[in-house]
Amino acid sequence: MASEFAVEMRDVVKRFITPEGNEMAAVDHVTMQIKNGEFFSMLGSSGCGKTTSLRMVAGFEWPTEGEVFIEGKAMGHTPPFQRKVNTVFQSYALFQHLTVYQNLAFGLEMEGAKEEEIKKRVGHALEMVQLTGMDRRRPKQLSGGQQQRVALARALVKTPDVLLLDEPLGALDLKLRKEMQLELKALQQQLGITFIYVTHDQEEALTMSDRIAVMSKGKVQQMGTPVEVYERPANKFVADFIGESNFLEGKIKSLSKDEASVFVPSLNAEVVGMPISEGLVKGEEVVVSIRPEKIRITEKDAKNTNLFHARVTNTVYIGADTHVYVDVNKAKVKVLEQNRISRLDPKSFYVVGQDVWLMLMPENTLVLKKD
Amino acid sequence: MNPFRRSPFVIVAAVLVYFFLYAPIVGLVLYSFNASRANVTFEGFIPAFSDRVVMDGSLVKSSPCGPFHWYCDLAKNGDVAEAAGNTLTIAFTATIIATVIGTMSAIALQRYDFKIKPFSQLSLYIPIVIPEIVMGIGVLTLFSQLFGWVNEVFNLSGDARLSLGMATVTVSHIAFMVPFVTLVVQARLQGFDKSYEEAAMDLGANEWTTFRRVTFPMILPGVMSGALLAFTLSLDDFVITFFTNGPGSTTLPIYVYGLLRRIITPQVNALSTVWILVVFTAVLALQIIQNRESKQHS
Amino acid sequence: MLKRIRESKAAQGTLLALPTTFWLFFLLIIPLFLTLVISFGKRSPDGDVIYGFSLDNYTRLFGYSTDCPDGQASCFNPLYVQILWRSLTLAFNTTALVIGMAYPLAYFIARAHPKKRNLFLFLVLIPLWTNFVIRVYAWMMLLRKEGAINIIIGALANMLHIPFTPFEMLYTPGAVLVGMVYEFLPFMILPIYTSLEKIDISLYEAAADLGANAVKTFLRVTLPLSMPGVVAGTILVFIPVMGTFIVSDILGGRQVILVGNLIQRQFLDARDPTFGSAASLILMIMTLVVTYFYTRKFGFGEEIVPA
């Protein structure tokens, strides 16, 4: 292959005119490098620019500024039908006037493939998505899950260098979606081609991706492996968007080479010894972030750093876990306790009004810049 | 890729087709200001106002209405006024009846199962798949045979004799309007969620109250567009009216057709222009109402 | 009784559909039946109908004649067959021309920016709702020897110093064809537009994504998906063209006689309703046969109901 990167977006901007006549940047100076054979996800809520980015790779939209490269080649205004990428559409966009077989054959006919070859490749593709024997049906006669597979097979039969998937599982029910997630991941590993996957579902992105680009307001907020974006969110937005977090506002009291102490007014106390990220200065207004499952809750005062007295205000039993809501001075904090032991007695759980101690272990906390 | 991109061929073709659609209309309007009485040739516009009509051969030199001479002429034409009155009377009466019974049958066909349903549904397509002239001579035959028989049996004479007139035109108009109203309302009902009615009944409304307070207001836009379609079809109808009208029930299209077979003056153009203006205003008003409605919904 | 109606859904449905069904039965079905009965009858000398069963009207229509030039008992008179054939070919030609003109315009409107679509549609609705008779009249004025087309061509020829004598375009088959195309063009534009507008933009994108260029996308995706509109439009154009008599009456004069004119004359001038009824039934059968074969091939478009 010509390039190390399957797809590269270099400082890409896409501006639209809104119905009110204002100019709006749907994609705002985005740079991404997607490696060959990678399962790459763009994650964000609607309007964050993820779909527009994908459409610029496919060629349905052209960047206002910047450039999209596929296999190292600048795409410019290359139309979609001359790009070696294929798309699985959110709406599937199956041709209702054609049978399943004809839908799959469409792209191969456009390449000018011979009938025999088409037959072979379509048969193979149908087998791959387990739809053998459905080739004479019309898309309307298939279930949602089957239609989704047809859309997938129609794109894959062209053996693209890069497969683009725009929320392909959005229309399926939860159980089917979970099955398809694993199937898609397995398929991607088996075929070894690059997948670019757009989704608003963080769990989906974490399950499937090698790397994730978390996007918001047309910008990439963070790019990294699932572990990186969850364990080391780059900012408050990412920490909030992926998983859950308790945020405590404060001010940096002291700063050493690799540790910071932050005074948190709502706790009326200092949280000390936390690992720091780049660019923080002493006296800066920051947010201390800690995930609910990473807070230790104890009944006794265990003489430790970052130990705070708290009172239980509410508990919710969820089955696998119990959510415990506590007040620490004026701060409201959520703690997630795993139900490791089977028990029935209500007294064995935390009860409302109970006095407890919270332990915020420094290695589990993060100091993030205020947005 | 811009989804709204069109090839130059399409744009040129569209412009040409629009030209084809509008050139005759523009010509029609221009000729309504023609100075020539014969209207065979265009002799320029009527130039001046004066207190009376000045003619030079067949040319109108000046008129109290100036360039609008033929419009004034039209206004004084009693036959046109009568034909216009007839047209509107027939259109209004037929639309009201057709809308009421068409809406009823649309509800029946969409919501109920009954024995004659397939027959009722099928009969709706008759006016679409059969040329209008076949229907026209059919009803003409029906009326003439029926009236002949009744007149003979009851020994009617003079004014009491049944004959073609406003009533036969109206009744025939209803016949071809009803299928259109039914199909339009039916299409609207297809997208109607039954749970609204179930909710109303759940909240204590009986069938009639549910219809009056929930169903009807919700299908009203469909009923209105059905009624409007029926009304315009009636205003526009030539063939059915041609075969079913009698003395005293001449409508505007019939009147214009009669003129075309005799000597034509630009008065016909003036009449056409007024007609086009009325259509223009009506369609424009409708579009504005529809736009406002769709904006409210979005 | 009232209680029964309240409790029986079937009774309610019948009751609601009754007025319409009744009306259609008396004004569509009975008249068709009467037409059939009369077509087997004979004309009395004063123009009334003598009921009976005779196929004379039909044999006459298909060329059997007893009024022969060289004293034969019977001969073939092609007059009415020619009229039927002329009507059929005119209807085909009109429909083909109308599709050719309507499709690009419908495509243009469907691919216009959503904000401008209403304006473009509005421009189609104005000629559509302008009265049928007025629209023929407009062409009468354009096509006359002294009419606008001759004036414009004359002026152009004069500028280029080409000799030109105005010629009569009215009362020719061409005039009738143009008039028919003009009358029925909007009825084709609207259904084609409706079916084109329904096509999801993502389908065009999918075709491009799979390697189809603009021409291939049009032929393989757009055209097949818009066929329902073309079918509906064809039904809305072909059937009325077969039966219309005003256009040929005014633009064709005595030169272009169609089956519609034939029927009309039997009922008004010639006073032979039995022959007119037979002709009208043949017309109906012709349209039904063509529509049947056409829709069997392409399906019955659901765009047929204007809304």
Please state which of the following conditions C:GLU168 fails to meet, knowing it meets all the rest: (1) open to solvent by 40 Å² or more (accessible area, probe 1.4 Å); (2) in a helix (DSSP H, G or I); (3) closer than 30 Å to C:ILE239 by Cα. (2)
Residue under evaluation A:SER46, criteria (1) farther than 17 Å from A:PRO168 by Cβ; (2) open to solvent by 40 Å² or more (accessible area, probe 1.4 Å); (3) within 21 Å of the chain's Cα centre (by Cα), criterion not met: (1)
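Looking at the structure I just gave you, is A:LYS119 in the same structural domain as A:GLU61 (by TED's automatic domain parsing), touching a Pro at 6+ places or on another chain (Cβ under 7 Å) and farther than 13 Å from A:ALA153 by Cβ?
Working: in the same structural domain as A:GLU61 (by TED's automatic domain parsing): yes; touching a Pro at 6+ places or on another chain (Cβ under 7 Å): no; farther than 13 Å from A:ALA153 by Cβ: yes.
Taking the combined requirement at face value, the residue does not satisfy it.
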Go through region B:272-283 residue by residue and tally those that are closer than 24 Å to B:ALA35 by Cα and either basic (Lys, Arg) or facing chain C (nearest Cβ under 8 Å) (or both). 3
Just to verify a result, which residue in region C:221-247, among those that are more than 7 Å from every other protein chain (Cβ to nearest Cβ) and closer than 22 Å to B:PRO8 by Cα, is farthest from the chain's Cα centre (by Cα)? C:THR222
When region C:35-86 is examined, which residues are found to be open to solvent by less than 40 Å² (accessible area, probe 1.4 Å), part of a loop (DSSP other than H, G, I, E, B), touching a residue at least 12 places away in the same chain (Cβ under 8 Å) and at negative phi? C:GLY41, C:SER54
Number of positions in region A:68-82 that are open to solvent by 50 Å² or more (accessible area, probe 1.4 Å) and more than 14 Å from chain C (Cβ to nearest Cβ): 2
Options B:GLY57, B:GLY78: the member that is more than 14 Å from every other protein chain (Cβ to nearest Cβ) and closer than 30 Å to B:MET166 by Cα: B:GLY78
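Collect the residues in region A:224-259 that are in contact with a helix residue (DSSP H, G or I) (Cβ under 8 Å, 6 or more places away or on another chain), over 23 Å from A:LEU336 (Cα atoms) and modelled with pLDDT of 90 or more, keeping them in residue-number order. Don't jump to the end; show me each part of the working.
Residues of region A:224-259 that are in contact with a helix residue (DSSP H, G or I) (Cβ under 8 Å, 6 or more places away or on another chain), as a first pass: A:226, A:229-230, A:233, A:238, A:241-247, A:259.
From what is left, the residues that are over 23 Å from A:LEU336 (Cα atoms) are A:259.
None - no residue of region A:224-259 is in contact with a helix residue (DSSP H, G or I) (Cβ under 8 Å, 6 or more places away or on another chain), over 23 Å from A:LEU336 (Cα atoms) and modelled with pLDDT of 90 or more, so the list stays empty.
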Scan region A:125-141 and tell me whether some residue there is open to solvent by 60 Å² or more (accessible area, probe 1.4 Å), within 11 Å of chain C (Cβ to nearest Cβ) and either farther than 30 Å from A:ASP11 by Cβ or touching a residue at least 40 places away in the same chain (Cβ under 8 Å) (or both). no
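Look through region A:243-259, keep the residues that are assigned to a strand (DSSP E or B) and of a type in the set (Gly, Ala, Ser), and return whichever of them is nearest to A:SER45 (Cα to Cα). Lay out the reasoning, then the answer.
The initial filter retains those residues of region A:243-259 that are assigned to a strand (DSSP E or B), namely A:246-255, A:259.
When the remaining residues are screened for being of a type in the set (Gly, Ala, Ser), the result is A:250, A:254.
On the way: A:GLY250: 28, A:SER254: 36 Å.
Within region A:243-259, the match that is nearest to A:SER45 (Cα to Cα) is A:GLY250.
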Can you work out which of the residues in region C:8-34 that are of a type in the set (Ser, Thr, Tyr) and part of a helix (DSSP H, G or I) is surrounded by the most Cβ atoms within 10 Å (Cβ to Cβ)? C:THR20
Okay, helices (runs of 4 or more DSSP H) sitting entirely in region B:205-298 with 3 or more residues that are in the same structural domain as B:LEU140 (by TED's automatic domain parsing), I get B:207-210, B:216-236, B:239-244, B:252-260
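Hey, among B:PHE176, B:PHE192, which residue is surrounded by 13 or more Cβ atoms within 10 Å (Cβ to Cβ), more than 13 Å from every other protein chain (Cβ to nearest Cβ) and at negative phi?
On the way: B:PHE176 fails: more than 13 Å from every other protein chain (Cβ to nearest Cβ).
Result: B:PHE192 is the single residue among B:PHE176, B:PHE192 that is surrounded by 13 or more Cβ atoms within 10 Å (Cβ to Cβ), more than 13 Å from every other protein chain (Cβ to nearest Cβ) and at negative phi.
Can you say whether A:VAL262 is part of a strand (DSSP E or B), touching a helix residue (DSSP H, G or I) at 6+ places or on another chain (Cβ under 7 Å) and at pLDDT 85 or above, as far as the supplied structure shows?
On the way: part of a strand (DSSP E or B): yes; touching a helix residue (DSSP H, G or I) at 6+ places or on another chain (Cβ under 7 Å): no; at pLDDT 85 or above: yes.
Judged against the criteria, A:VAL262 is not a match.
The values are calculated or read from the model by the stated rules, or taken from the named source; none is laboratory data. Note that the coordinates shown come from a computational prediction; the quantities given were computed from them, not determined experimentally. Cβ sites come from the backbone with ideal geometry, for glycine too, and all protein chains shown count toward neighbours. Surface areas here come from the heavy atoms of the whole protein model, side chains and all, with no ligands, DNA or RNA. Shrake-Rupley method; radii C 1.70, N 1.55, O 1.52, S 1.80 Å.
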